[in-house]
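Here, each number is a calculation from the coordinates, and none is a lab measurement. This structure is a prediction, so every number in the text was calculated from the model and none was measured. For neighbour counting, all protein chains shown are included, and Cβ atoms are generated from backbone atoms with ideal geometry for every residue, glycine included.
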Amino acid sequence: MAIKSLSIRIDEELLHKLHIAADCEGRSANSEILILIRDAVKAYEAKHGKIELNPPKSS
């Protein structure tokens with residue numbers, strides 16, 4: 001699986017709180033965000049069913 005980069009806009013206070021929460025869990029902010037995203041996708045799929053991805057088309 002390829003690792004992709006994503007930029008987000010976040011206000012300074014929320015970013016600071018994210019860093020504090022991540023530190024308390026012994027994680028980097030990036031790792032904390034990945035866990036939160038995975039949890040959100042898991043919750044979405046539990047409610048709406050598995051998200052099926054179309055395989056990429058080769059040229």
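Which is part of a loop (DSSP other than H, G, I, E, B), exposed (fewer than 10 other Cβ atoms within 10 Å of the Cβ) and β-branched (Val, Ile, Thr), of ILE10, ILE3?
Numbers: ILE10 fails: exposed (fewer than 10 other Cβ atoms within 10 Å of the Cβ).
Unique residue meeting the criteria: ILE3.
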Under the condition of being under 15 Å from LEU6 (Cβ atoms) and charged (D, E, K, R), which residue from segment 18-55 is surrounded by the fewest Cβ atoms within 10 Å (Cβ to Cβ)?
ARG38
